[in-house]
Amino acid sequence: MRNELTAVGDRLRRPEYTGENRCLPCTVVNVCLTLVAAAVATFVFTPLGGLVVLVGGLGAIYFRGYLVPGTPTLTVRYFPPWLLERFGKELELRETLRPVEGVAVRATPEGGRLIDGFASAWDDRIASMRTDGVSDDDVAALLGVDEASSVPGDVAYVVDGGLRQWLSESALLADVAAASVLEERGREPWTSLDADEREATLRDLRKYLGSCPLCGGSLDDQETETVETCCTESERVLMATCEDCNVRLIEDLNER
Ligand SMILES: [Zn+2]
């Protein structure tokens, strides 16, 4: 009997959310939800109904790690950073994104996310620049240099005698729009970064885009990501291509 129970348990168990990977904040949230649901069931049905809900809910949390689908994502998104840190979660942000931390992104256990205000300003800027087109001056401002001149037939610019190239029009549009918003906010240390550093920051910032800057199509993320929890480190996007215009937006083969 015991073996059978273990076998059933193993089948139900979701290793990505339990054991070592169990997320404490998610578990706490879910246990609270279960208690509330059980109380409601007791009141609406019978104490037996309440007990069924309680046992079922706690069982689900024990075996699967959570009750409400999507809690790991929700916790990371809505728990304030200090609370996550309280639960022993290490907040992460790539080195290249530090210069825009607090302005464009904030650190989270899953490697950071866009600040809502910046995200909407970035979207608006992308939309207006898509209409107006990207000028040489925009690119010069992005890089923090005096002059940039476009190379015909390519998404590339001559800057200080060297060539700077973008993956696609789409990638350039995203970067120019982000740089323009950042410039407007005018905060250190972004403003004092050199051209290479700016490029690196913008390239990593682009990974947070939800849709194609050029056509608004959804992005087909070629992820190596296998585990999706807020507790374990997961590998991230290698490539993102727009499903509609088939333009590549992100290509990063140096992901850890
Ligand atoms: Zn597209």
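Structural remarks
- Taken together, ALA148, ALA119 contain a single residue that is touching a helix residue (DSSP H, G or I) at 6+ places or on another chain (Cβ under 6 Å) and away from the ligand (no atom under 16 Å from the Cβ), which is ALA148.
- Residue match in the stretch 102-111 (condition: open to solvent by 40 Å² or more (accessible area, probe 1.4 Å) and of a type in the set (A, V, I, L, M)): no
- Search result, residues across the stretch 130-152 that are part of a loop (DSSP other than H, G, I, E, B) and loosely packed, with under 14 Cβ neighbours inside 10 Å: GLY133, SER135, ASP146, GLU147, PRO152
Residues are listed down the side, and each one gets a yes or a no for (1) modelled with pLDDT of 90 or more; (2) in a strand (DSSP E or B); (3) over 23 Å from THR108 (Cα atoms):
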position	(1), (2), (3)
LEU163	yes, yes, yes
LEU182	yes, no, no
ARG187	no, no, no
PRO213	yes, no, yes
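The values are calculated or read from the model by the stated rules, or taken from the named source; none is laboratory data. All values reported here derive from a predicted model rather than from experimental measurement. Positions of Cβ are generated from backbone atoms using ideal geometry, with glycine treated the same way; all protein chains shown enter the neighbour counts. With ligands, DNA and RNA removed, areas are computed over all heavy atoms of the protein, side chains included. Shrake-Rupley method; radii C 1.70, N 1.55, O 1.52, S 1.80 Å.
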